[in-house]
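Here's the structure, in structure tokens; my notes come after.
No lab work stands behind these numbers, since they all come straight from the coordinates. Since this is a predicted model, take the numbers as computed values, not measurements. Note that we place each Cβ from the backbone using ideal geometry, even for glycine, and neighbour counts take in every protein chain shown.
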Amino acid sequence: MDTDLVVRAQHGDRGAFAVLAGEIADRFLVMARKILRDHDLADDATQQALLSVWRDLPQLREPERFEAWSYRLLVRACYAEGRRERRWAPNLRLLPVDEPVADDGLRSVDDRDQLEVGFRRLSMDHRAVLVLHFYLDLPLDRVAEICGIPVGTAHSRYHHAMRGLRAALDADARAPVREVAQ
Amino acid sequence: VSSSDTDLIRVVRSWIRAPESASAERIVDAVLFEVETEPQARRRWPSPWVAFTGSPIPLGLAVAAVLVVALVAVSQVQWTEFPGGPPSSTEPSATASTSPAAVDPDDIGGIPPAGTAPTDPTPGELVMRFEPSTPWMTSWLFADGRLITFRYDDRPADADDAYIGLIQQRLHPDGVEYLTSRIISTGLFESDLALLHEGAGFLNLDVRNGERLVHLGWGHRAWGPAWQVAPTATQAQAQALFALIDTLSDPASWPASAWADRTEVTFVPAHYGICVRGVPDPVDPDRVWELLPPAAQDLRDGGQVPDQSMGGADPSCATVTTNDARELARILAGAGIERMLPRFSGEIWLRYAFDDPDRPGNELWISFGPVLPHGEAIWLGPG
């Protein structure tokens, strides 16, 4: 990231901010979609995060750390949108269905479906840790820094999330399931 | 252990990194339109004070005025956050803003029902704590033979209503000696040790060796700076640790003479740790308690309990009896505070959350963790 651009935007240069926003927006949107699993919420989170970048840029003390700082704002925006979703989402539970277990050729498709179900059951903080770690390839200490949490908490969230996803996959291996709204 | 964890990581990484094309052009346009009229947040003196008087207000007066306004605002805001509204000053605090009748007292998951006696309220000395990545479990062994175990999604068929995810068995003193000496004999527990795991699993294992509890962590570079310099476990060390995991996670393999009573009984704690934290920003626990209904504050007796697993930046846990924990849950629910629900079928935990009135975007969490015989509050849900 061009630090001069960040500094100019910090000082209110709207043109510099436009370039900055253009450079980070696509990645913000992809990350928000991966965390929130909902395109509309991801659009809103991305918009809110970009606005926060503009508003809060003067508070950023170290312009060279812009990237990590901006991810934190995005994760925060995802929390906010996710909270909105949590309050409106139907209560979901899994019911076994009487369908044959998919053959090996379809196993990867099944896995993706079960990962989707398992991932949606994770809280936003757990989703954020996984996306930052796997999508951005960041070690957990960097993830902790972005999320503003201790490294130990990042570990605990990572392992809890992975165990949750394993549980989703294992559940699929035991019996096919379908998700129903109550 | 290692291969299945590695497979899981590979599958999850591949799924999360699946290519996705997204154009945020329309969003950027909308943002730039808003930015045209949106000021940046700059630190500055509160100019309205200056403008109003034509000269700066004396600092002491300004601070006092701000405090008065803040106190009035907080006294209104903290209560209007909840549907119960502010308590009437003429009403006893115990009934203010709560409607326990609306809450089913027998339906507070994570706390045994009223009338359940604690399993064994006597304190105990922890001699072993075992947490492998696979299987998903944690066990705590005490010097008096009590063995408390959590196994994810493995509710005993005959579990009673008091089941909160923990079962207790009892080892014979010889059994305690058998397990601890088995661990210590690996030679890896002379002092705290961090070893790098070449696979994807992990192990946290504490064992009492002499006067102290010695910790071994077998983990990954990604765990942080301390792990960047940790040595990789040798093949012999890894084999010894895998063998320990196999033994400790399979009580059926322990000799019959190790047991005083193999029967699994529900562990009912005598106390709970009530741990508060801000998410994502840390908060002063006192401030969170002050936001709760007075009847809830009355249950905080000032006792503190250590916590190693609540996952917060600086978790602060007040200790309360199990009866008071149940009452607190009823008060929070009655005040309309949202209960966060476990999302996986095998999870049993209790946590309430509400928006931080003083910090938009921050959420305040109140987690209930059972206290084990050695005095630690544990958390079996997401961090």
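Data overview
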read-out	value
Shielding by partners, peptide A:144-154 (average Cβ within 10 angstrom, other chains)	5
Neighbouring partner chain Cβ atoms per residue of B:335-342, average, 10 Å criterion	1
Mean Cβ neighbour count within 10 Å, used as a protection proxy, ranking B:323-330, B:25-32 highest first	B:323-330, B:25-32
Residue B:146 long-range amide H proximity, modeled H, under 5 Å	B:171
Other-chain or far-sequence residues with amide H under 5 Å of residue B:283's (modelled H)	B:278
Whole-Hz couplings from phi, Karplus 6.51/-1.76/1.60, listed for segment B:12-20; x for Gly and Pro	5, 4, 5, 5, 5, 8, 3, x, 9
Distance in nm between pseudo-label sites at residue A:7 and residue A:23 (7 Å out along the Cβ direction from Cα)	1.4
Cα gyration tensor category, rounded, prolate or oblate, for segment A:7-82 with a/c compared to 1.5	prolate
Förster radius 51 Å - calculated FRET efficiency between residue B:14 and residue B:34, Cβ distance, rounded to 0.05	0.85
Whether segment B:164-291 is rounded, prolate or oblate, judged on the alpha carbon gyration tensor where a/c under 1.5 counts as rounded	oblate
Extension gain from residue B:158 to residue B:192, taking 0.36 nm per residue of separation minus the Cα-Cα distance	8.3 nm
Distance from segment B:321-383 to segment A:24-39 (C-alpha centre basis), Å	30
Shape call, segment B:144-185: gyration tensor on alpha carbons, a/c limit 1.5	prolate
Cβ-based exposure ranking for A:159, A:11, in which fewest neighbours within 10 Å come first	A:11, A:159
Gained length - residue B:181 relative to residue B:226, 0.36 nm times residue gap less alpha-carbon distance	13.4 nm
4 °C / 1.567 mPa s Stokes-Einstein diffusion coefficient of segment B:195-270, Kirkwood radius on C-alpha pairs, µm²/s	86
